[in-house]
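One structure is given here, and the rest of the page talks about it.
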Amino acid sequence: MATTKGTKSTKVGTRVRGGEVRVDLETLKKTVDEGLGEARTAESADALEAVRITYLGRKGLMPQVMKELKSVAPEERAEVGRLANSFKNELAALLESRRGELNGAHSASDEAPVFDFTLPGQGSRRGTRHPISMVIEEAVAIFGRMGFTVAEGPDVETPYHNFDALNTAAHHPARDRQDTFWLDDGNLLRTQTSPVQIRVMESRQPPVRIVTPGRCYRRDTTDATHSANFHQIEGLYVDHDVSLADLKGALAYFAHEMMGPDVAVRFRPHFFPFTEPSVECDFSCHVCGGAGCRVCKGSGWIEIAGAGMVDPRVFERVGYDPESTTGYAFGMGIERIAMIRYGIPDIRLLYENDMRFLRQFS
Amino acid sequence: MKLPLSWLREYVAVEAPAEEIAERLTFSGTEVEGIEHLGAGCEDIIVGEIRTVTAHPKADRLRLCRVFNGTDEVPVVCGADNVEVGAKAAFAPLGATLPDGMTIKQAKLRGEISQGMLCAEDELGLSSDHGGIMLLPPETVAGTPLLEVLGGVETVLELEVTWNRSDCLSVIGMAREVAALYGVELKVPQPVLAESGKPVAEWTRVEVADAADCPRYTARVLTGAVLKPSPLWMRRRLSCCGVRPINNVVDITNYVMLECGQPLHAFDFAMLTDSRIVVRRAATGERMATLDDEERELTSEMLVIADAERPVAVAGIMGGAGSEIGDSTQTVLLESATFDPALTHRASVALGLSTDASHRFERTVDRSTTEWASRRAAVLMSELADAAVAPGMIDVQAEPETAAPIACRLARLRAILGVPLEHSEVLRILTALQIPAIDAGDDVIHVVPPSFRPDLKIEADLIEEVIRVHGLDELPAADPIGRIVVDADDARPRAVAACRDHLVGLGLSEIMNYSFLSSRALDRFGREGVAQRVELLDPVSADHGVMRDSLIPQMAESLGRNVTHQELDAACFEIGRVFFRENGAIGEEDRLAIGIMGRAAGSSTGGAPVTPEATFLRLKGVLEELARVQNVRDVAWTPGDDPAFETGWCVALSIDGVVVGRAGLLTADIRHNWRIQNPVALMELKLDSIISQLHDTTSFTAIPVYPSVARDLAVIVDEAVQHGDILRVINSVSPEELTDIGLFDIFRSKEMGNRRKSMAYTLTYRSAERTLTDEETNSQHAAIMDRLREELGAEIKER
Ligand SMILES: [Zn+2]
């Protein structure tokens, strides 16, 4: 290799003043040939490794070429870069296959142990949430964003809290033995979670802003849509300036959050003993968008909640001033919402605890 | 309630289509649940005249008729009992289509040709009556289309009248609603009587024992009544309303009830002992046969209409069989009265007898309609039964209560509704509803509730009237305002929600069971709590007869049912309430139950059987981890005793010395009920014991600076020595530098000898002040080993 004064040839070009290397194509081509030759003729794994370090190692020749690329004559620069890159790939592949050869008599492709990425993963799996508690939790969270907190009460209630305090007439059929489960101590299984509202109002002054999820009981014969044991969530907001329009706003927000942003609400007048005015609240069908389908029985609307402005006689019962106090209350069936939301056709599925059913929810 | 539109339109001139009226009613508080078109599909049906009737040669129950269809006589085979020569009946000729879509074709019935069909009302979709073919008045002409005879297709609205609106349980009441909604006039007919003969007071007397039970009782006497079927138009209207026509006199009482809401009763006057009426409580044990031929035992909580000797009707509910209107009836006592709603309701429930009359009385019948109804019925009886009406009406009534006037303040109304309604609109609505409203100035309207609206008692009731007629669709939805109630405390429900999340994170699936089950299902798990069980007074079925006192039985059953669907692996939890008697009262408590069966989801696919140990320890691991994340330390597991669990596999769980639950392996006997092969580990504890630490009390400890030293040792001990014993001994030495004790292997071998086992531990030593030297660690480790040898007779192998 030619050497001129003040310069020294290297494997990739010519070292000039101060150790800087000027890469040139011709030298590089030669080095490439040498490198591939060394790789082909290496006789041990160690020798192969030495080849790799010489050419591809962190301080090897090829990184050096790439570093000095800017010093290459402009007309050669692209070619040098291309050659260096293709050499790197070619040498790496060659080293790999040679390593395989040296490791045994077989070729790399049918010998290297291949990890089976398709094996099932391991480790404990998360369990599933029951659709009823999922709906309760979501409803609680939605009303929680409006400042409602959860209140609880007993399943076994006094007739006073379940009926009298809620302004239910002494001969209202809801009290009948054919509708309500009575117990031998004169108490009953609550038919709604409204008695919790009474208990909270008895224990504190307004403002009251609660939701009361819980289990209720009615003497229904079980079929696809009725269960003697079911869940409700009720809400109560009592303050000094609450209106029916506020109720509609709160239920509209709930409808959007629970069933989807395009779901609308509408009110129909109704009768409940403890609210006046009373309304039933329909949600527009989230399946058909109101056009009518099987879920909404063609009407475009689904009856979801009963609601209204708290009857002043209820406020009197709990010792609030019926004149200065106003408030709204609402209630809805959890199973019904779960069935509509998840398309569950039969309420009994919710209480059969079939893993094939439960696994669908998480 | 069923409302035929043609009847409604007699009182209110609204020509709007049924669907529109239905919509208006639904959005003003009376939901229309359905619209029926009775007679639709009967276009091909005609009047047939039965010319001859002969026996079918091969079938006892069939008859051969010749039916004249207006042009020809055709052979018809018929199975009904009421075919008679000369009768006119609904007839479907060959080629006719019935409302259900069936087309009449020539047929051979047991060898006899039939060219058409004589139809029953239910086959024509006109009612549910299948008592025989539909007979038509004798004057109808064969071949006339049936719909022409019936007056066309009748549209019937099916209404859901709310409990408070007794005034809507009649055609006139609904006409009043429709008139208000459409702003048109309500036209109620004023029946005019022609009376004759001796006055009613000479016929009968009425005595009311207690006006509170019966605020008003009126009686009329009608003589010379001719019993026969009612005219077709009346029978059709009754049928449309779901009331079966009987005879003209009874039909008229039902017709007038449907029309104005006042139930009426007609007695056969000849059957009233001493010709008089006594309204009184029944004597306890008094008996009577009601119209439905049931012998009923009465109590003093029931009001009866009696004659001089015995009850002839249960007031407001049902008449007695003894005074029933029949073919021999000539003189009729017509009752129009009102009864106490609560009393009527209690009697109806006690007798298990609900009728159209009791349905109305228990919701309040308007006293001011009582006389109108009596007069209306008397006029109809004179017209349709040729009866003569005795002059006068006996009318026993207490002083009517005057309804208190209600002030409706517009400012209040607007505040409650959140709608700026105009003064004039409020007045318009109240007036349209026939609620007298007086403008008292200062934006206050005074209202005197009319007698037909006993539900209007306070201002809020009027506010509802206004908004339901004004329409709720214009009600704005105000953006919700988040309001924080600062002292509201819901830490417990939030802790329960967190507990649920933890359990799901630990791989458990949440289940839910009913709060009631059968005694038998509870018995299977032990009977010691039988006396404390809470039974339902009126369970829907014996399968749901008793409140659960434990979550374990249903947890086991849920796992078992899954096994029957080849779901052999399950890990579940339930958070639910149990019920029990405690100090004479019924108590309730939230519990957490966990059930583990088979392999964990996501575990390796080894084929080894699932051992009782592994199952039990999985359960324990779940509880330990739950306790850890809930900040509940030191759940103690001590041997327990429970008939549901295998001996030796049952523990009591306690926290701070208080028993809070139990755990164990389900007995093989119980597992066998569902053929569960794998061991089943179950646990139940008081929910509040595991969520008692609501506030996080974690405080930071400095992270160790100096390295730790780990030393293994194998402790060879008798089988009787437990892990807990070894821990206790190690902890009794417990040098400050011992920071962790980890069990990593249990091993048994022949060399160790029978009844011996090796338990291998890693002990970790670390000092907070310095790097421990080998010598220090060795001496501490040696002290521990010595103590294990001394106290447990352990043989120790260092590793
Ligand atoms: Zn739909």
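The values are calculated or read from the model by the stated rules, or taken from the named source; none is laboratory data. Because the structure is predicted, anything quoted here is derived from the model rather than measured. Note that each Cβ is placed from the backbone with ideal geometry, even for glycine, and that neighbours are counted across all protein chains shown. Surface accessibility is based on the protein's heavy atoms, side chains included, excluding ligands, DNA and RNA. Shrake-Rupley method; radii C 1.70, N 1.55, O 1.52, S 1.80 Å.
Quick one: which helices (runs of 4 or more DSSP H) sit completely within region B:683-799 and have at least 2 residues that are in contact (Cβ under 8 Å) with a residue 40 or more places away in the chain and in contact with a Ser or Thr (Cβ under 6 Å, 6 or more places away or on another chain)?
Result: empty, no element qualifies.
So, in region A:294-307, of the ones that are crowded, with 19+ Cβ neighbours inside 10 Å and away from every other protein chain (no Cβ under 13 Å), which residue ends up nearest to the ligand (Cβ to nearest atom)?
This residue is A:Cys296.
Are any residues in region B:334-344 within 17 Å of B:Thr290 (Cα to Cα) and within 13 Å of chain A (Cβ to nearest Cβ), and if so, which ones?
B:Thr344
Taking B:Glu535, is it more than 7 Å from every other protein chain (Cβ to nearest Cβ) and open to solvent by 50 Å² or more (accessible area, probe 1.4 Å)?
yes
Any residue that is more than 8 Å from chain A (Cβ to nearest Cβ), touching a Pro at 6+ places or on another chain (Cβ under 7 Å) and open to solvent by 20 Å² or more (accessible area, probe 1.4 Å) - is there at least one of those in region B:489-512?
No.
Of all residues being within 15 Å of the ligand (Cβ to nearest atom) and within 16 Å of B:Ser28 (Cβ to Cβ) in region A:255-288, which is surrounded by the fewest Cβ atoms within 10 Å (Cβ to Cβ)? Just the residue, please.
Going through the qualifying residues, I end up with A:Arg266.
Taking region B:449-488 as the search range and keeping residues that are small (Gly, Ala, Ser) and more than 25 Å from B:Leu417 (Cβ to Cβ), which one is nearest to the other protein chains (Cβ to nearest Cβ)?
B:Ala488
Does any residue of region B:244-251 turn out to be part of a strand (DSSP E or B), within 30 Å of B:Asp129 (Cβ to Cβ) and not assigned by TED's automatic domain parsing to the domain that holds B:Leu136?
Within region B:244-251 (the criterion being part of a strand (DSSP E or B), within 30 Å of B:Asp129 (Cβ to Cβ) and not assigned by TED's automatic domain parsing to the domain that holds B:Leu136), the answer is no, since none of the residues qualifies.
Please enumerate the residues belonging to region A:22-52 that are out of contact with any Leu (no Cβ under 9 Å at 6 or more places or on another chain) and surrounded by fewer than 12 Cβ atoms within 10 Å (Cβ to Cβ).
Within region A:22-52, A:Glu26, A:Asp33, A:Gly37, A:Thr41, A:Asp46 qualify.
So which of A:Ala291, A:Ala252 ends up being without any contact (Cβ under 8 Å) to a residue 60 or more places away in the chain, over 30 Å from B:Lys457 (Cβ atoms), open to solvent by 10 Å² or more (accessible area, probe 1.4 Å) and more than 12 Å from the ligand (Cβ to nearest atom)?
A:Ala252
Can you pull out the residues in region A:128-143 that are free of Cβ contacts under 8 Å to residues at least 24 places away in the same chain and open to solvent by 30 Å² or more (accessible area, probe 1.4 Å)?
Answer for region A:128-143, where residues must be free of Cβ contacts under 8 Å to residues at least 24 places away in the same chain and open to solvent by 30 Å² or more (accessible area, probe 1.4 Å): A:Glu137, A:Ala141.
Quick grid of which residues meet (1) at pLDDT below 95; (2) crowded, with 18+ Cβ neighbours inside 10 Å; (3) in a helix (DSSP H, G or I):
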{"position": "A:His171", "(1), (2), (3)": "yes, yes, no"}
{"position": "A:Asp185", "(1), (2), (3)": "yes, no, no"}
{"position": "A:Gln192", "(1), (2), (3)": "no, yes, no"}
{"position": "A:Val196", "(1), (2), (3)": "no, yes, yes"}
{"position": "A:Met201", "(1), (2), (3)": "no, yes, yes"}
{"position": "A:Val211", "(1), (2), (3)": "no, yes, no"}
{"position": "A:Cys216", "(1), (2), (3)": "no, yes, no"}
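Residue-by-condition table, conditions (1) within 7 Å of chain B (Cβ to nearest Cβ); (2) more than 39 Å from the chain's Cα centre (by Cα); (3) over 18 Å from A:Arg219 (Cα atoms):
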residue: A:Gly144; (1), (2), (3): no, no, yes
residue: A:Val150; (1), (2), (3): yes, no, yes
residue: A:Pro159; (1), (2), (3): no, yes, no
residue: A:Ala165; (1), (2), (3): no, yes, yes
residue: A:His172; (1), (2), (3): yes, yes, no
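Give me the pairs, please: first residue somewhere in region A:296-308 and hydrophobic (A, V, I, L, M, F, W, C), second residue anywhere and within 8 Å of the ligand (Cβ to nearest atom) and assigned to a strand (DSSP E or B), beta-carbon distance under 7 Å, and either six or more positions apart or on two chains.
Final answer for the pair search is A:Cys296/A:Ile302.
Among the residues of region B:643-659, write down those that are crowded, with 21+ Cβ neighbours inside 10 Å and in contact with a helix residue (DSSP H, G or I) (Cβ under 7 Å, 6 or more places away or on another chain).
B:Ala644
Since A:Val310 meets every condition but one in (1) touching a helix residue (DSSP H, G or I) at 6+ places or on another chain (Cβ under 9 Å); (2) within 16 Å of the ligand (Cβ to nearest atom), which condition does it not meet?
(2)
Looking at B:Ala80, B:Ala90, B:Ala96 in this structure, which one is farther than 30 Å from B:Glu464 by Cα and touching a Ser or Thr at 6+ places or on another chain (Cβ under 9 Å)?
B:Ala96
Taking the condition of being more than 10 Å from chain B (Cβ to nearest Cβ) and either near the ligand (Cβ under 10 Å from one of its atoms) or without any contact (Cβ under 8 Å) to a residue 24 or more places away in the chain (or both), how many residues in region A:317-328 meet it?
1
Tell me which of these B:Phe616 doesn't satisfy, since it passes every other one: (1) without any contact (Cβ under 8 Å) to a residue 60 or more places away in the chain; (2) part of a helix (DSSP H, G or I); (3) surrounded by 14 or more Cβ atoms within 10 Å (Cβ to Cβ).
Answer for B:Phe616: the failing condition is (1).
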